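What follows is a short report on a single structure.
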Amino acid sequence: MRCNSMIRTTTALMLLSAVGAALVGRSASAAGLDPLSAARQVDELLAKEGFGAGQDANETPAAKADDQTFLRRVALDLIGHPPTPEDITAYSLDTSETKRLSAVERLLAKREFGENWARYWRDVIMYRRSEERALLVGPTVVSFLSDEFNGEAHWDKIARKFITATGDIREEGATAIIMAQNGVAEDTTAEISRIFLGIQIQCAQCHNHPTDRWKREQFHELAAFFPRIAVRAVKKDGDRRSFEIVSVDKERKKKEKDKPGRGNTEHYMPDLQKPEEEGKLMRPVFFVTGQKLESGEKDQDRRAQVAQWITSRKDRWFARAYVNRMWAELVGRGFYEPVDDIGPDRSCSAPHTLDYLADHFAGSQYDVKWLFRVITATDAYQRESRSRYEEGKAPFTANCPQRLRGDQLYNSLIAVLGIEDASPKERAKEADNYRAAMASPRGRVNVAFGYDPSAPRDEVAGSIPQALFLMNGAELNRGLNGRQPNTALGKLLGEIDKNDALVEELYLRCLAREPNPAEMETCLEYAKSVGNRSEAFEDILWSLVNSTEFLNRK
């Protein structure tokens, strides 16, 4: 690989010196099975199961992805933005057999790891919201989860915080799920089951589940853990408005306008034949195991108990749901599809592999980073990409391309075009005013390019607003300006005299790889035909940013 400056080479060598063997030693979780051993076992199990057998179980697996493809893939997956040219150079200079493991360790140690996955889970929660005012908790849940993921992240502890949360939504990020459903017992029940168990039990709210074994009574028994939650408007610091999640353990006096069952400290299953009546009193019962509480328990006792039952290591649903979702995000397809519908009557592509991963994830004490280490070390993750799953094809013989989420795309534009992200002062303002956050450059990109992370990827498509933004968005146009010496492109034009070296630099920044001979020839011929160097490279950079390869990770 050609380096465009001695500074980059020196930086890369210093980086290699700083990492190396020390990182490899940290790859094994103190609480869980060695990730490399687990990864090898996962690949062996997948092979025995026909790579998640379809009709063509003998399909030839894809080859191992080259180093540059792997580095861009794992950087986008773990920290939400592409590697820098310095990162690419450092990686290319590493000749050790453990270079991919070391790259993963460096990425897991970065602050951006927590931010990337915090924003992912914010979207999981917010895309299914029933309460628009829940957008107020968006910045807070990102801050809360960033700290969790960048610390000693254990998914069971995080889940219990969400399930038992109380407090001001601007201060307590764990209130996000409850606030997103306005504290309504039935809606909160459905989301907690969907997110943490991967079971869509809401389909049993009005009748027995049409495609699973769950009964209507089981939905309402689960809802009986959550009737004592309330959302209250509060004012703090002058006119600053917010909302609090509170426990209500005292029965309030009912009003004539109250709906049947509302305002009670117990949950009642409506009588579909007599909707005007209160319905049947339900005892809190955890539908998966049948464990139950007596009626009359306080709110915090109920929620704490069901949180313990949901996250128990004795049952696989909690571990399966997280493993299945993370596998789908990283490999491109889950063992179950959609990722949040893994009920007992659903078909699993590779059940033994999933159970193996779920059991050892639970054995690691639900160590989030342990699971990332395992999945990224598998052959399934490191293979070349092929088009998304087709009927009759084994699903795990290759990685699948993933369209970048809104935040990942914005991070990529920051890295390539030199667009400045929000300052700490601007972030504080956005955290206090969700309208300001939505109107910010990151917010506008998320509005245009964001999508529900729980939706099947083949349902995620481009749109006219996306095309318009990429063609003439204000931030894009400023970053593409090569005539101004203070822009990223303007600086590169001033620093790099040779056109072939500049083409290489733009490809490294945009696609994390060097151009192939045909691409180099096309770019050089175009620059020569235009005659104006700044204008030509503005067009070349624009074409790279608008390319399918830039908008996806492969």
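Just so you know, all these numbers are worked out from the coordinates, no wet-lab data involved. Only a predicted model underlies this, so the values are computations on that prediction, with no experimental measurement involved. Neighbour counts are summed over all protein chains in view; Cβ atoms, including those assigned to glycine, are modelled from backbone coordinates with ideal geometry.
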So for each of 362-375, 117-130, 541-554 I average, over its residues, the number of other beta carbons within 10 Å; can you give me the resulting order with the highest mean first? 362-375, 117-130, 541-554
Using a simple charge model, +1 on the beta-carbon of Lys and Arg, -1 on the beta-carbon of Asp and Glu, nothing else, what dipole does the chain show about its Cα centre, in debye to the nearest 20? 1280 debye
Applying a 10 Å radius around every beta-carbon, put 382-388, 347-353 in order of their mean neighbour count, most first. 347-353, 382-388
Using a Förster distance of 30 Å, how high is the FRET efficiency between Glu251 and Lys157, based on the Cβ-Cβ distance and rounded to 0.05? 0.40
Descending semi-axes in whole angstrom, ellipsoid equivalent of region 406-553, from the Cα gyration tensor: 30, 19, 12
Sequence of Met520, Met269 once ranked by neighbouring C-beta atoms within 10 Å, starting from the fewest: Met520, Met269
Have a look at His154, Phe287, Ser547 and report the one farthest towards the positive end of the charge dipole of the chain, computed about the Cα centre with Cβ charges (Lys/Arg +1, Asp/Glu -1). Phe287
Which length gain, in nm to one decimal place, applies between Ala62 and Asn472 when the Cα-Cα distance is subtracted from 0.36 nm times their residue separation? 143.8 nm
Taking N as the number of residues in the chain, what is its Cα Rg relative to 2.2 N^0.38 Å? 1.05
Nearest-0.05 FRET efficiency for Leu281 and Ser37, computed from C-beta distance (R0 51 Å): 0.50
Distance check, please: which entries in Lys64/Lys369; Lys215/Lys280; Lys48/Lys393; Lys48/Lys369 exceed 20 angstrom between their Cα atoms? Lys64/Lys369; Lys48/Lys369
Amide N proximity, region 489-522 versus Glu112 label position 7 Å along Cα-to-Cβ, cut-off under 14 Å: 509-512
Over the residues of region 153-310, compute the C-alpha Rg and express it relative to 2.2 N^0.38 Å. 1.05
Calculate the radius of gyration of the Cα atoms of region 133-194 to one decimal place, then report Dmax, the largest Cα-Cα distance, as a whole number, both in Å. 11.3, 33
Short version: ³J(HN,Hα) in whole Hz for each residue of region 320-332, in order, from phi by Karplus 6.51 cos²θ - 1.76 cosθ + 1.60 (θ = phi - 60°), x for Gly and Pro, what are they? 4, 4, 6, 4, 4, 5, 5, 4, 4, 5, 8, 8, x
